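> Starting off with a structure, shown below.
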Amino acid sequence: MSAAENKTNGIPKIGVYVCHCGINIAGKVNVPEAVEFAAKLPNVAVAREYKFMCSDPGQEIIQNDIREGLINRVVVASCSPLMHETTFRTAMAAGGGNPFLFQMANIREHVSWVTPDKPAGTQKAKALIAAAVERVARHVPLEKTRVPVNPDVLIVGGGIAGIHAALTIANAGKKVYLVEKEPTIGGHMAKFDKTFPTLDCSACILTPKMSSVRAHPNITLWTYSEVVGVEGFVGNFRIQVKRKPRYVDEDLCVGCLECIESCVYKKGRISDEFNVGLSKRKPIYVPFPQATPLVAVIDPESCAELKTGKCKKPCMDACEPKAINFKQTEEIKEVSAGAIILATGFRTFDAARVKRYGYGKYPNVYTSLEVERLVNAAGPTGGEVIMSNGEKPKKVGIVHCVGSRDAHTNKYCSRVCCMYSLKLAHLIKERTGAEIYNFYIDMRTPGKGYEEFYDRLLQEDVHFIRGRVAEISDWTMTPEEEGKLIIRAEDTLVGAVRRIPVDMVVLSVGLEPRADADEVRRLFNISCSHEGWFLERHPKLAPVSTFTEGVYLAGACQGPKDIPDSVAQAGAAAAEALALIDKGHVELEPNTAFIREEFCSGCKTCLMLCPYSAISFNSEKNTAEVNGALCKGCGTCVAACPSGALQQNLFTDEQIYCEIKGVVNYV
């Protein structure tokens, strides 16, 4: 029994505290009238009002009343439990009370923000306060349980966000498992030539970090691998990782690339994924010269030996370390981790979906990612910006917002398109001397140094036309337009429709969630926004946490981000994971389901419904059993139990019925 209950002999003595929340609540609720009403409710010993209950003085009022023995249960009528339930439970504990003898009445979001009429709002607030008072009187003291935390961390995704998070955690002395789907880490950033607005060499920034990952003693790097199973709970996850066969032994390969030179395919015949189809590769290849690990991989779909078994296998003869192994098979690794960071990144919008822009129809219509490879010195043209006929363009049109800010594709802004369009305009002009036209809706340059970069492009005589492009075609009207691509767009600054003939078009495609985002979401039991991006717990208070404890987000898997923002978020996710690990244990909320064995009929209905696999069946007792560490308190099993044997702490039938009674009696 707590000190507070000692002073009150365990009798429910409820304190009701009504918050003004400035004018958020007081503007639509008569707070003094609500307090006067609350003071007359059964078991209410104290009823007070304060401007900001969540402030330190507000919390102090509650603590003093508990310490003085005036109350042993608390109702706070203020904002949503999501915002401040933890705040007031902590205040109760600090005052010596049990933090779970507490109930919130949400009279801000549920009343003042949605009720225009003040008298009606006041009446509704009274009803919610009455319900909370009835409910809290039936609360029972609960305690959190502790479980130890595994100090290892799993990171999924080896782009710049995953790399930065891995190095941060590994440098703190913790073991990291970094799992990447592709044969190399680096992600999209490895495909860029320069980064805005400083025009730093992307490879110069990224490749040292990639090498650090490979060499770090605390990092186990598994490329060409996927997570296929996740079990357990915060602090104690068990993860199954599928390692796909490379047919090249990573421990033996020295990266000499002799195997690629000796392949029976003298020239590349397969579309090169890293160069987004602008070049060809052989069946045995490395994605790019700075790949990490620098280990060849054999594509089973195009390798003659793996397809037919009739190849002379010159790659095996050329490999001195004898690393080629055509008998390599898929293997499953199982690891344990206390925290998981998802950094699975994004995909670019498929420009072929906007048919009026002619991507796939006209050979000189490129996507921005294709041009990123063209301007890259390590790209398919050695950094030369050339068209399909091998000539340099003299006029180039760059179309912004392709697949972004459009009700027909994606309504949201992709955040990076304006800046990388400016960067490509600069690089194309630098490499070709071409005349550049930027077609934009709004120029969005809010980052550090971004506006200055925009001014620089204006001084470089790049043309800016404000208006959405209506169509790109080869339909000519004058002899000067013959052989050109015609961009037809409205110029909203001069109020006219313009036709601009150009040699090359660059479509600045937006960002989208990865195609397998929903599959990953289900695997890690997290939520997605309606666009498909992984959903954070709270956009302001918990921007890298998810609703699954111990699973954090980093980078563009949460939403469109540029490189600085991705790195910053990766650092935040790493800090959250380290805070969890260094604490050494996690406290589990007690709002879990429990079973009353005497009422359980052993029907097993609950077993299949539990999304967290927290319920098992005891065949000896013929009853279900709940693992409190796995249970997240979703209540699915409680609602489905036909005999009412399953109940949930803080949401028992009695508590919920009494809450309803409180509202109904008042009404």
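The values are calculated or read from the model by the stated rules, or taken from the named source; none is laboratory data. This one's a predicted model, so the numbers in the text were calculated from it and none came from an experiment. Heads up, the Cβs are rebuilt from the backbone with ideal geometry, glycines too, and the neighbour counts pull from every protein chain shown. Surface areas here come from the heavy atoms of the whole protein model, side chains and all, with no ligands, DNA or RNA. Shrake-Rupley method; radii C 1.70, N 1.55, O 1.52, S 1.80 Å.
> Along segment 296-301, what does the Karplus equation 6.51 cos²θ - 1.76 cosθ + 1.60 (θ = phi - 60°) give for ³J(HN,Hα), rounded to whole Hz, x for Gly and Pro?
5, 9, 9, 7, x, 6
> If each residue of separation counts as 0.36 nm, what is the full-extension length gain between SER601 and CYS201 once their alpha-carbon separation is subtracted?
Contour length minus the Cα-Cα distance gives 137.3 nm.
> Would you kindly compute the Cα radius of gyration of the chain and its largest Cα-Cα separation (Dmax), both in Å?
31.0, 98
> For labels at ALA215 and SER336 in the simple 7 Å Cα→Cβ model, what's the distance in nm?
In this crude label model, ALA215 to SER336 measures out at 3.3 nm.
> Additional query: Taking all protein chains together and a probe of 1.4 Å, list ARG537, ARG444 from the most accessible to the least accessible.
ARG444, ARG537
> Using a 1.4 angstrom probe and counting only protein chains, how large is the accessible area of ILE486 in Å², to 10?
For ILE486, solvent-accessible area is about 0 Å².
> Give me, ordered by chain and number, the residues 5 or more places off ARG468 or on other chains with an amide H under 5 Å from its own placed amide H.
Amide H neighbours of ARG468: GLU490.
> Wrap a convex hull around the Cα atoms of segment 281-321, take a quarter of its surface area, and give that in square nanometres.
Computing the convex hull of the Cα atoms and averaging its projections yields 3.4 nm².
> For GLU68 and VAL114, what is the calculated FRET efficiency with R₀ set at 41 Å and r taken between the beta-carbons, to the nearest 0.05?
FRET efficiency, GLU68 to VAL114: 0.65.
> Considering the zone a paramagnetic label at ARG456 would reach in this model (a point 7 Å from Cα along the Cα-to-Cβ line), which residues of segment 391-424 have amide N under 20 Å from it?
Answer for this model: 398, 416-424.
> Considering amide H positions built from the backbone, and no H for Pro or chain starts, which residues 5 or more places from ALA47, or on another chain, come under 5 Å of its amide H?
VAL16
> What spacing in nm lies between the two simple spin-label points modelled at GLU430 and ALA94, each 7 Å away from Cα in the Cβ direction?
In this crude label model, GLU430 to ALA94 measures out at 5.4 nm.
> Straight-line reach from LYS313: which lysines fall under 24 Å, measuring Cα to Cα and dropping same-chain residues less than 8 apart?
LYS244, LYS266, LYS267, LYS280, LYS282, LYS322, LYS327
> If you don't mind, another one. What value in Å³ per residue do you get for the convex hull of the alpha-carbon atoms in segment 520-637?
Dividing the Cα hull volume of segment 520-637 by its residue count gives 126 Å³.
> Let me ask something else about it. Heavy atoms of the protein only, probe of 1.4 Å, neighbouring chains included. What is the accessible area of GLU331 in Å², nearest 10?
Around 90 Å² of this residue is reachable by solvent.
> Right, next: Any chance you could list the semi-axes, whole Å, largest first, of the equivalent ellipsoid that the Cα gyration tensor gives for segment 375-419, using √(5λ)? Please list the in-between numbers first.
Values: eigenvalues 168, 35, 17 Å².
Semi-axis lengths for segment 375-419 are 29, 13, 9 Å.
> Also, quick follow-up: Between Rg and the Kirkwood Rh of segment 197-308, both from Cα atoms, what is the Rg to Rh ratio?
With Rg and the Kirkwood Rh in hand, the quotient comes to 1.03.
> Would you mind telling me the antiparallel percentage of the DSSP bridges in the chain, rounded to 5?
In the chain, DSSP labels about 50 percent of beta bridges as antiparallel.
> Suppose R0 equals 60 Å; then what is the FRET efficiency for GLU261 and ASN627 from their Cβ-Cβ distance, rounded to the nearest 0.05?
Details: r = 56 Å, r/R0 = 0.93.
Efficiency, from the Cβ-Cβ distance: 0.60.
> Shifting gears a bit: Which one, PRO57, SER80, LEU41, is farthest towards the positive end of the dipole of segment 28-88 when Lys and Arg carry +1 and Asp and Glu -1 on their Cβ?
LEU41
> Express the carbon and sulfur contribution to the solvent-accessible surface of the chain as a percent, rounded to the nearest whole number, probe 1.4 angstrom.
Details: 15350 of 29910 Å².
On the chain, the fraction of accessible area on carbon and sulfur atoms equals 51 percent.
> Quick check: with the 1.4 Å probe, what order do SER55, SER271, SER112 take by accessible area, largest first? Please list the in-between numbers first.
Details: SER55 35, SER271 55, SER112 10 Å².
Final ranking, largest accessible area leading: SER271, SER55, SER112.
> What percent does the relative contact order of the chain come to when contacts are Cα pairs within less than 8 Å and at least six residues apart?
13 percent
> How high is the relative contact order of segment 520-566, given as a whole-number percent (alpha carbon pairs under 8 Å, six or more residues apart)?
27 percent
> Another question, then. Rounded to the nearest 500 deg cm²/dmol, what is the calculated helix-only ellipticity per residue at 222 nm for the chain, with -39500 (n - 2.57) per DSSP H run of length n ≥ 4? Please report the intermediate quantities before stating the final value.
Numbers: 19 runs with 191 residues, N = 667.
After summing the helix terms and dividing by residue count, I get -8500 deg cm²/dmol.
> Does anything in segment 78-101 have its amide N under 16 Å from the 7 Å Cα→Cβ label point of ARG138, and if so which residues?
101
> For SER55 paired with TYR412, estimate the spin-label separation in nm (one decimal), with each label point 7 Å from Cα along the Cα-to-Cβ line.
That separation, rounded to one decimal, is 3.6 nm.
> May I ask you to give the solvent-accessible area per residue for the chain, in square angstrom, as obtained with a 1.4 angstrom probe?
Working: 29910 Å² over 667 residues.
Roughly 45 Å² per residue, with all protein chains present.
> Please report, in whole Å³, the volume per residue of the convex hull around the C-alpha atoms of segment 418-565.
Each residue corresponds to 164 Å³ of Cα convex hull volume.
> Ok, one more. I'd like the accessible area for GLU68, computed on protein heavy atoms only with a 1.4 Å probe and all protein chains in place. Round to 10 Å², please.
120 Å²
> So, one more: Taking 0.36 nm per residue of separation and subtracting the Cα-Cα distance, what length does fully extending ILE270 through SER527 add?
Stretched out fully, the ILE270 to SER527 stretch lengthens by 88.8 nm.
> Same structure again: Quick one: Karplus J couplings for segment 442-451, per residue in order, coefficients 6.51, -1.76, 1.60, θ = phi - 60°, nearest Hz, x for Gly and Pro?
9, 8, 10, 10, x, x, 5, x, 6, 5
> Mind checking the full-extension length gain between LYS355 and THR445? Use 0.36 nm per residue of separation minus the Cα-Cα distance, one decimal, nm. Display every interim value, and only then the final one.
On the way: separation 90, 0.36 × 90 = 32.40 nm, distance 2.82 nm.
In short, 29.6 nm is gained.
> Rounded to two decimals, what ratio of Rg to Rh does segment 311-378 give with C-alpha atoms and a Kirkwood Rh?
Numbers: Rg = 21.6 Å, Rh = 18.1 Å.
Value, to two decimals: 1.19.
> Follow-up question, since we're still on this one. Kindly identify segment 328-487 as rounded, prolate or oblate by the Cα gyration tensor criterion: order the square roots of the eigenvalues as a ≥ b ≥ c, call it rounded if a/c is under 1.5, otherwise compare a/b with b/c, prolate if a/b is larger, else oblate.
prolate
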